[in-house]
1. From the square roots a ≥ b ≥ c of the eigenvalues of the alpha-carbon gyration tensor of segment 111-215, which class results: rounded (a/c under 1.5), prolate (a/b over b/c), or oblate?
2. Sort the following peptides by mean Cβ neighbour count (other Cβ atoms within 10 Å, averaged over residues), highest first: 311-321, 440-450.
3. Describe numerically, in nm with one decimal, the distance between label points set 7 Å from Cα along Cα→Cβ at Arg126 and at Glu209.
4. With each label point set 7 Å from Cα along the Cα-Cβ vector, what nm distance links Glu450 and Lys351?
5. Does anything in segment 447-491 have its amide N under 14 Å from the 7 Å Cα→Cβ label point of Glu332, and if so which residues?
6. Rounded to the nearest 0.05, what FRET efficiency do Val325 and Ala268 have when you use their Cβ-Cβ distance and R0 = 56 Å?
7. Mind giving me the nanometre distance, one decimal, between the label points for Ala344 and Lys143, set 7 Å out from Cα along Cα→Cβ?
8. Does segment 233-313 classify as rounded, prolate or oblate by the C-alpha gyration tensor (a ≥ b ≥ c root eigenvalues; a/c under 1.5 gives rounded; else a/b over b/c gives prolate, otherwise oblate)?
Amino acid sequence: MAQAYAVSGTQGIFFSLDQVNPRPAASQKGASSHLRCNCSLSIVQPSAKNSPTLSLSILRRRNAVRESCVLKNQALWRLQKISKRASVVAEAGGDAETTTASRPTEGPPSAKECVEEGLKLFQKGRIRDALSNFDRALDLSPKDEEAQAALYNKACCHVQREEWGPAYDALRVSLSTYNLKFSTILNDPDMAPFRATKEFTKLRNQAREGGQEIGQGYRRDLKLISEVQAPFRGVRLFAYAGLSAAAGIATLFTIPRLINAVKGGEGALPLLPELQNIGIDIGGIAVFVALFIWDKRKENEQLERIARDETLSRLPLRLQSGKLVELSQLRENTRPLILVGDKASLERTLKKAERYRTELLARGVLICPLAWGAGAEQLARKPKGFAPLPKKVKKASPTMDDFESRLKAQTAKSIGEVERRYRAEVVSPAEWEQWVREQQSVAKDVKPGEDVYIILRLDGRVRRSGRGMPDWEGILGELPELDSVLSKLER
């Protein structure tokens, strides 16, 4: 396509613009195009008679035409650049669509992924972010196992933040809806601060009572232990129920005969025997029902005691060797003696116990002192952040001169073996204090916060408890030695 423009007022200057239609390049595929523009400027010399008149006008118009040609070339160059860029974008868009179509789209994270990510954040100490992941997992319609894990770890996050109410709610839902085992709460070290709270006591009581709200798992386990300790209680309860039913049926048959005896007439039985019969039946019902209620009350008390004993068996101790153990690990060979009081009374009692060290060791007594308020002091000095790393100590090379020091070390080690079985340090004192206060609430003559001592049997159950500090001579007379027959029966 060619266009010609004549500059008005002159007959000697012509401007022509040749534009070739866009066409694809032979070396490229796609929509790229090339534009070609040819500009030509022709100047015809005017005649001599009008050259003086038109010289200035021709010069001006020639400059204007040149500027117009430059502008036209710039416009076409920009148009060509835009068309190339559009073709490149189109090709890239086609490749992106192909890549997107070939690659599957990634959906939102699953509940399992949220739980796993929350566990990683919990281990790094990012409790708030971990809690958000567990909440998100619960919103993604998780499976029962995933929901149980999310709720339990959510409770652990609340325990780390000392939010006992939300922790109680999460554990309660996990126990009632998703069949969480109560032993998990008892064994988890992360739950140690929660086990020292009133919310844990409330949750444990609900789990012990069972029902639809909290589940039957924990109560079933406690009843199994109760049946081992009292194997004939079930037989007695069945007998009480059967005899009560029999007495009730006999009463139903006796009532019409009693009415006939009262009315008298032909065929009526004597009144006095009928009164005796109905009195025996009603008395039997009352006795058997009372025995049933009394035995059920004893069963509930035993379940409470077993629940406290199970909580006690999970309490941690640190032996003199530095090993961390639970009370349940010391069964059959150790009789723990728990001393609870103020620091001054504990120091006096421990000094008196030094006189009977050998006799106490022969009976397997392990002294566990606990000072009132130690749990609050431990929480008050809870470290924040990271503790500084200990400095490395340069170890000296052994010489012949350190023989005496090595001998002392061996002697101290042998003494430590004996000390390990004689005294232990209470770990998590707040949890221990909570258990002692529960034990005091059951006792009749002991006030909360009063100095007490508690002796355990070789099987882990409470043997005896008392007010104040123990009489060591009385304890030695009461407890048999480990090698005796009575101790073997106690195991």
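Just so it is clear, none of the values below were taken in a lab; they were calculated from the coordinates. Computed from a predicted structure; not experimentally measured. Neighbour counts run over all protein chains shown; Cβ positions are idealised from the backbone, glycine included.
1. Oblate, because a/c is 1.5 or more while a/b does not exceed b/c.
2. Order by mean packing, descending: 311-321, 440-450.
3. Inter-label distance under the simple model: 4.2 nm.
4. In this crude label model, Glu450 to Lys351 measures out at 2.6 nm.
5. Under 14 Å, as judged by backbone N against the label point of Glu332, lie 458-460, 488-491 of segment 447-491.
6. 0.10
7. Taking the two extended label points, one gets 6.2 nm.
8. prolate
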